[in-house]
Amino acid sequence: MPDQSLVLAVAAAQLILLFSIPIEMFLVSRSWIRGEYDVRDTLANVGVSIGSIFFWGTLSWILLGVVAVVYKHRLLSIPFTWWTFLLAFVLEDLRYYWWHRIGHRSRWFWASHVVHHSSQHFNLSTNLRQSWTSEFSGLILMGVPLAYIGFSPALVGVAFSLNLLYQFWIHTEAIKRMPAWFEWLLNTPSHHRVHHGSNPRYLDANYAGVFMIWDRMFGSFVAEQDEEPARYGLVKNLGTFNPIRIALHEYAGIFRDQLRPGLSVAQRIGYFFGPPGWSRDGLHSTTAGLRAAEAARGTRSLPKAATGQCSDCRESGLRDASATP
Amino acid sequence: MEIVIAIAANIVVGLILLALFAWYRSPGNARLSGPDEALSIYRQHFPDASGTVTVAADGLAALISLRPAPGVGLLQLHGKRWSSRELTPEDLRTIAVEGDVINISLLDFGWPRCSVRIADPDSRADWVSRLNALAARSERSKVASHA
């Protein structure tokens, strides 16, 4: 079992990071660092965060219960040592990669994760905009394999928390680039700006939590380009700061689409589990459709990574990530 | 107990942020300078869009009569950013006019309503008519015009 002090240290770190948000906002307001805050957007983030904590706190027993049951039937009994912890951390990050990737590629799971991408701003407070429905989506079952292998739920929990803690600092425009070796190995603000971009070339890219190697291995890595700053938010951006609408809007969209008259079973499944933006009329706004349209337009070339062929994606400096009108 | 602490911490951070916002003030909202800028912003999300643009009198929104395929584009300031939609008949719930403002209620949980202030009465009436015509193409949408 992990030492209780480690669990407390993680919890304390979470609180410290939370209070770094007003610090970044202060520095941005003085133009000492790069970034932008919008009062309504940030307060919406706080509102969404409160709901997320409430639902996670009251419903996480579902996940914990499932993991505990599976752990009882584990294959191995893995002790808590520094190397098993490192192994758990790496495997947990791999789990996060696939959880995240599925969360972007299928609308039912996207309906939960879209909340985090719904802000048109990108700053530390964006961390707070988290799903209210992660316990319902079914993706929590991805927490099961590590417990089945034999990593204790507490060990996995600490690895999961540290993974999320790492991702806090990458939600910022203040940091342009880290050293090259760091950018190659680990997730950084530059990589994560791409992940939050709604530009066709940046959609569905850079799913990594901590180690960028997963994206490089599985063909989803896209480097930030100087000539194309990330346009944060969604393909169809929201017109509300209401936390309830932010948290549930995609579910409402699914429900609305299911009510369309004359749908076949395949079309209903398409609206439910198809890629976000899928449409029966063929006028898709899916990532593939948007990239194809952009390629046909011929205004700019798409990165090789967009087709999973990235072997020489160019790293480049950030020119202007702000899309302020 | 942990949940209460976490929620309390969020509220405290929210209050600190609110105080900082109040102290330093956010820069004023953007305004559309004209049809060209409106179309340019709209094209960030709909790159092939072209049409005739009516910019709201307050510069906070624009309606676009799309061509060559008939349709209506909507652009509205959302905080410091712009949100846009290519409206379909199924998007429209009600269209109402109050003074020189067209209030559009949308069947979109993530964008329930928007207002477009059009000072010119002829242009306003034209847009109400156009939006009603669009809504009439939907079987489900029952548009109530209070123009």
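Before moving on, here are some points about what is shown:
- Among the residues here, B:G73 does not qualify as without any contact (Cβ under 8 Å) to a residue 12 or more places away in the chain, under 26 Å from A:L259 (Cβ atoms) and under 13 Å from the mean Cα position of the chain (by Cα).
- Just one of the numbered conditions (1) at the interface with another protein chain (Cβ under 7 Å from one of its Cβ atoms); (2) out of contact with any strand residue (DSSP E or B) (no Cβ under 8 Å at 6 or more places or on another chain) is not true of A:L59: (1).
- Any hit, the range B:9-26, residues being surrounded by 16 or more Cβ atoms within 10 Å (Cβ to Cβ) and assigned to a strand (DSSP E or B): no
- Looking only at residues of the range A:49-76 that are of a type in the set (G, A, S) and modelled with pLDDT of 90 or more, we find that the one that is surrounded by the fewest Cβ atoms within 10 Å (Cβ to Cβ) is A:G51.
- Residue satisfying condition, being in contact with a Leu (Cβ under 9 Å, 6 or more places away or on another chain) and under 18 Å from B:S129 (Cβ atoms), within set B:V97, B:V72: B:V72
- Residues of the range A:173-187 that turn out to be closer than 19 Å to A:D93 by Cα and surrounded by 23 or more Cβ atoms within 10 Å (Cβ to Cβ), as a count: 1
- In the range B:86-113, the residues that are within 12 Å of chain A (Cβ to nearest Cβ), assigned to a strand (DSSP E or B) and buried (at least 22 other Cβ atoms within 10 Å of the Cβ): B:I104
- Residue check for B:D48: in a loop (DSSP other than H, G, I, E, B), among the acidic types (D, E) and either modelled with pLDDT of 90 or more or surrounded by 14 or more Cβ atoms within 10 Å (Cβ to Cβ) (or both): no
- Apart from one condition, A:F272 fits all of (1) modelled with pLDDT of 95 or more; (2) surrounded by fewer than 19 Cβ atoms within 10 Å (Cβ to Cβ); the exception is (1).
- Single residue of the range A:30-49 satisfying the filter (free of Cβ contacts under 8 Å to residues at least 24 places away in the same chain and not basic (K, R)) that is farthest from the other protein chains (Cβ to nearest Cβ): A:W32
- In the set (1) away from chain B (no Cβ under 14 Å); (2) part of a helix (DSSP H, G or I); (3) surrounded by 18 or more Cβ atoms within 10 Å (Cβ to Cβ), the condition left unmet by A:A223 is number (2).
- Within the range A:243-269, being modelled with pLDDT under 90 and within 20 Å of the chain's Cα centre (by Cα) holds for no residue.
- Hits in the range A:238-266 (condition: in a helix (DSSP H, G or I) and in contact (Cβ under 8 Å) with a residue 60 or more places away in the chain): A:P243, A:I244, A:I246, A:A247, A:L248, A:H249, A:E250, A:Y251, A:G253, A:I254
- Scope the range A:30-42; condition in a helix (DSSP H, G or I) and surrounded by fewer than 18 Cβ atoms within 10 Å (Cβ to Cβ); matching residues: A:R40
- Residue in the range A:200-209 that is surrounded by 21 or more Cβ atoms within 10 Å (Cβ to Cβ), within 14 Å of another protein chain (Cβ to nearest Cβ), on the phi < 0 side of the Ramachandran plot and hydroxyl-bearing (S, T, Y) present: yes
- Scanning the range A:199-229 for residues that are at pLDDT below 95 and in contact with a strand residue (DSSP E or B) (Cβ under 7 Å, 6 or more places away or on another chain), we see that the one that is nearest to B:C114 (Cα to Cα) is A:N199.
The values are calculated or read from the model by the stated rules, or taken from the named source; none is laboratory data. Note that the structure is predicted; figures quoted are calculated from it, not measured. Cβ atoms come from the backbone with ideal geometry, glycine included; neighbour counts cover every protein chain shown.
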